[in-house]
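In what follows, a structure is listed as structure tokens, so that the remarks can point back to it.
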Amino acid sequence: MNISSAIFDRSAPDLDSCPDESLPEFAFIGRSNVGKSSLLNLLAGKDNLARVSPVPGFTKLINIFTMNQTWRLVDLPGYGFAQVARENRTLFNRAVNDYLKHRPNLCCVFALLDSGLLPQAIDLDFVEWLTRNSVPFVIVFTKTDRGTPEAVAANIAAFTARIAGWFEKLPEIFQCSSTTGQGRSDLLGVIGATLDAGPAEEPEPTPPTAPLPPEVQPPFSLRVRSGSEQEKNARGKRRLKSARPW
């Protein structure tokens with residue numbers, strides 16, 4: 001896939017402020033300081049698409065960019081930062097929760113993890129949350145240029161070993177570096193293949209799941225929807241999906 005245009009659309013404080021649902025969207029999220037902004041600039045081929053800040057947690061809104069006039073790249077606030085006041089952090093989390101769970105044109109989430117670190121509890125919790133809520137996602141290990149290939153491979157193996165029991169088949173896993181350009185074509189390939197495939201069939205509603213015990217609560221505090229709420233949300237997604245032009 002070639003990126004011919006990347007245009008900033010808006011910064012949305014909540015789901016209701018996001019643009020219409022006519023274009024497919026691909027969202028990027030990770031723990032603060034994971035290298036998200038640098039990766040987004042690499043994908044777009046622009047040095048200043050997403051602002052790179054030395055302060056973790058700089059992204060505080062849902063930033064949306066229209067790519068090639070046919071799809072959207074969504075820059076979600078990072079999780080796990082400490083510089084934000086508690087009341088604002090709650091608001092950010094609610095906005096991200098609503099977007100991930102209720103945005104019908106969200107095609108895939110790119111969950112970014114630092115390849116230089118052993119498995120982090122907050123990353124494991126977030127991947128578990130995506131899995132439990134049936135959010136489509138792939139895993140991207142960033143900053144692969146900063147460690148030896150052996151250390152990167154060991155950290156990736158340790159993380160996949162921790163999550164292997166949650167899946168019949170592991171999600172796709174990629175490695176990238178905004179410094180060397182590694183992984184750019186692979187990630188754009190995921191987006192291109194998804195766009196070429198068109199919208200997926202709506203899955204059948206899944207039965208409600210029990211909430212996590214306190215020690216493994218996800219980074220976003222959520223209430224598990226009841227069965228009736230899940231069915232209502234699924235019906236709403238089907239109605240919206242039928243109107244999509246892609």
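The values are calculated or read from the model by the stated rules, or taken from the named source; none is laboratory data. Keep in mind it's a predicted model, so treat the numbers as computed, not measured. For neighbour counting, all protein chains shown are included, and Cβ atoms are generated from backbone atoms with ideal geometry for every residue, glycine included.
Which residue, of 236, 192, is modelled with pLDDT under 95, surrounded by 11 or more Cβ atoms within 10 Å (Cβ to Cβ) and not in a loop (DSSP other than H, G, I, E, B)? Steps first, please.
Working: 192 fails: modelled with pLDDT under 95.
It is 236.
Looking only at residues in the stretch 108-125 that are over 10 Å from the mean Cα position of the chain (by Cα) and surrounded by 21 or more Cβ atoms within 10 Å (Cβ to Cβ), which one is modelled with the lowest pLDDT?
Filtering the stretch 108-125 for residues over 10 Å from the mean Cα position of the chain (by Cα) gives 113-125.
Still in the list and also surrounded by 21 or more Cβ atoms within 10 Å (Cβ to Cβ): 113, 115, 123.
On the way: 113: 98, 115: 98, 123: 94.
Only one residue tops the list, namely 123.
Which condition breaks for residue 41 when tested against (1) modelled with pLDDT of 85 or more; (2) out of contact with any Leu (no Cβ under 6 Å at 6 or more places or on another chain)?
In the conditions (1) modelled with pLDDT of 85 or more; (2) out of contact with any Leu (no Cβ under 6 Å at 6 or more places or on another chain), residue 41 misses (2) alone.
Considering (1) among the small types (Gly, Ala, Ser); (2) modelled with pLDDT under 95; (3) in contact with a strand residue (DSSP E or B) (Cβ under 9 Å, 6 or more places away or on another chain), say which one residue 27 fails and leave the rest.
Here residue 27 meets the rest and fails (2).
If I go through the stretch 1-46 residue by residue, how many of them are β-branched (Val, Ile, Thr), over 16 Å from residue 68 (Cα atoms) and outside any loop (DSSP other than H, G, I, E, B)?
Taking the stretch 1-46 and keeping what is β-branched (Val, Ile, Thr), we get 3, 7, 29, 34.
From what is left, the residues that are over 16 Å from residue 68 (Cα atoms) are 29, 34.
Subset that is outside any loop (DSSP other than H, G, I, E, B): 29.
Selection size over the stretch 1-46: 1.
Kindly provide the set of residues from the stretch 50-69 that are hydrophobic (A, V, I, L, M, F, W, C) and either modelled with pLDDT of 80 or more or surrounded by fewer than 22 Cβ atoms within 10 Å (Cβ to Cβ) (or both), ordered by number.
Initially, the stretch 50-69 is screened for residues hydrophobic (A, V, I, L, M, F, W, C), giving 50, 52, 55, 58, 61-62, 64-65, 67.
Once the filter is applied, which keeps residues that are hydrophobic (A, V, I, L, M, F, W, C) and either modelled with pLDDT of 80 or more or surrounded by fewer than 22 Cβ atoms within 10 Å (Cβ to Cβ) (or both), the stretch 50-69 yields 52, 55, 58, 61, 62, 64, 65, 67.
Please give the number of the condition residue 72 fails out of (1) of a type in the set (Lys, Arg); (2) surrounded by fewer than 15 Cβ atoms within 10 Å (Cβ to Cβ); (3) at pLDDT 95 or above.
(2)
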